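Q: Submitted below is the structure of interest, expressed as structure tokens.
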Amino acid sequence: MKKLIEKLVTVSSPSGRESAIREVIVEEIKPYVDDMKIDPLGNLIAMKKGSSGKKLLFDGHMDEIGVVVTHIDSNGFLRVDSVGGLSPYMLLGSRLIFETGASGVVDVEGETAKELGETIKNLDYDHVFVDIGAIDKKDAENKAPIGTFGTYDSTFVDLGKRIVSKSMDDRIACAIMIQVLKELDKPKDDVYFVFAVQEEVGIVGASVAAFDIMPDMAVAIDVTAGPDTPKSFKRMGFKLGGGPTIKIKDRGSVSSARVVSRLKEVAEKKEIPTQYEVLIFGGTDARGYQTTGRGIASGTVSIPCRYVHSPHEMVDYDDVLNAVRLLKGLAEEGVE
């Protein structure tokens with residue numbers, strides 16, 4: 001799967017600009033699905049036919065955090081704002097790639113050491129700029145005009161048991177779902193695979209993706225902040241390498257007890273290591289499905305991830321493989 005993961009994470013496709021990653025996913029999955037469509041919002045929805053008459057939905061969002069150009073000064077330096085939850089601190093010293101092909105480096109303004117120190121201490125987007133090597137404003141406007149979207153420009157790194165890249169959030173879920181599609185021969189239920197848009201800016205895609213489907217159960221697949229680094233969040237206990245997590249709750253939703261129980265039953269039957277996750281912040285597309293139509297029993301399977309929303313998100317490869325086993329097992333066993 002590592003080649004597949006690398007292929008997905010290196011595509012630049014932020015919220016609202018998912019066409020590039022969607023095209024890649026379509027090519028990967030079309031030999032393995034019974035039906036596939038793109039809805040008006042841009043969600044890619046694929047289906048594999050089962051026999052029970054029930055419906056199971058898996059969701060992984062295609063988009064990633066990014067920036068958008070808001071202003072260009074007379075010297076050709078760009079000002080940007082975030083697309084999704086991208087802290088300006090994460091941007092410092094990083095490289096960005098824009099949808100026009102322009103690339104640049106991020107720095108912060110300051111005329112004295114004291115001013116620079118104070119600015120960094122209280123950093124916001126008003127003091128961040130991007131240098132794309134433009135010689136003046138006109139040159140910059142030709143390379144990355146106002147309204148141009150961009151993302152981190154970083155590489156995939158294979159550390160053996162651990163792998164690192166931008167946009168593991170949430171391309172790792174896309175890779176997991178693609179792999180499940182490739183391995184799944186006889187699902188019990190009709191299984192819908194939603195590659196959703198605009199999760200990072202407010203769970204937009206998931207709020208409409210299942211409106212016409214109304215599955216019996218929905219499972220979002222996402223990353224969750226790894227609390228296993230020095231001085232990390234002590235109120236959470238999951239870790240990289242301990243298996244995919246079955247979410248109990250986060251700030252956005254409380255997982256359906258039925259979904260939690262079913263995932264645990266499958267994990268125990270298949271002898272798949274899992275962890276429980278109570279996340280003290282954040283949210284996933286599960287919330288979007290819970291509030292769709294008359295309501296859908298929903299939950300989340302997460303991949304523990306260090307350095308979320310940075311250019312270098314880290315996951316454990318065994319956790320990824322075990323997530324494939326868990327979701328494939330659920331599809332084979334059915335929602336009940």
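Q: Only one of (1) touching a residue at least 40 places away in the same chain (Cβ under 8 Å); (2) open to solvent by less than 70 Å² (accessible area, probe 1.4 Å); (3) out of contact with any helix residue (DSSP H, G or I) (no Cβ under 9 Å at 6 or more places or on another chain); (4) farther than 28 Å from K239 by Cβ fails for I146. Which number is that?
A: (2)
Q: For the subset of region 259-279 comprising residues that are of a type outside the set (S, T, Y) and in contact with a Phe, Trp or Tyr (Cβ under 8 Å, 6 or more places away or on another chain), which member is least open to solvent (accessible area, probe 1.4 Å)?
A: Selected residue: E277.
Q: Which one is farthest from P145 (Cα to Cα), of the residues in region 113-133 that are open to solvent by less than 50 Å² (accessible area, probe 1.4 Å) and part of a helix (DSSP H, G or I)?
A: That would be G117.
Q: Does S207 satisfy the criteria of being among the polar types (S, T, N, Q), over 20 Å from the mean Cα position of the chain (by Cα) and open to solvent by 10 Å² or more (accessible area, probe 1.4 Å)?
A: Judged against the criteria, S207 is not a match.
Q: Next up: Cβ-Cβ below 9 Å, separation at least six or inter-chain, first residue in region 302-315 and touching a residue at least 24 places away in the same chain (Cβ under 8 Å), second surrounded by fewer than 23 Cβ atoms within 10 Å (Cβ to Cβ) and of a type in the set (F, W, Y): which pairs?
A: Filtered contacts from region 302-315: E313/Y307; M314/Y307.
Q: Another one. Of all residues in region 150-191, how many are over 28 Å from S52 (Cβ atoms) and not in a helix (DSSP H, G or I)?
A: Qualifying residue count, region 150-191: 18.
Q: Among the listed residues S232, S256, which satisfies the condition of being open to solvent by 20 Å² or more (accessible area, probe 1.4 Å), modelled with pLDDT under 95 and of a type in the set (S, T, Y)?
A: S232
Q: Another question, then. Can you tell me how many residues within region 153-176 are under 16 Å from T284 (Cα atoms) and surrounded by fewer than 24 Cβ atoms within 10 Å (Cβ to Cβ)?
A: So the answer is 0.
Q: Follow-up question, since we're still on this one. Any residue that is free of Cβ contacts under 8 Å to residues at least 24 places away in the same chain and farther than 30 Å from D185 by Cα - is there at least one of those in region 83-94?
A: Yes, region 83-94 has at least one match.
Q: Looking only at residues in region 211-226 that are touching a residue at least 60 places away in the same chain (Cβ under 8 Å) and of a type outside the set (A, V, I, L, M), which one is most open to solvent (accessible area, probe 1.4 Å)?
A: That would be F211.
The values are calculated or read from the model by the stated rules, or taken from the named source; none is laboratory data. Not measured: the values here are computed from a predicted model. Cβ: placed from backbone, ideal geometry, glycine included. Neighbour counts: every protein chain shown. Side chains are part of the model used for accessible areas, which takes the heavy atoms of the whole protein and leaves out ligands, DNA and RNA. Shrake-Rupley method; radii C 1.70, N 1.55, O 1.52, S 1.80 Å.
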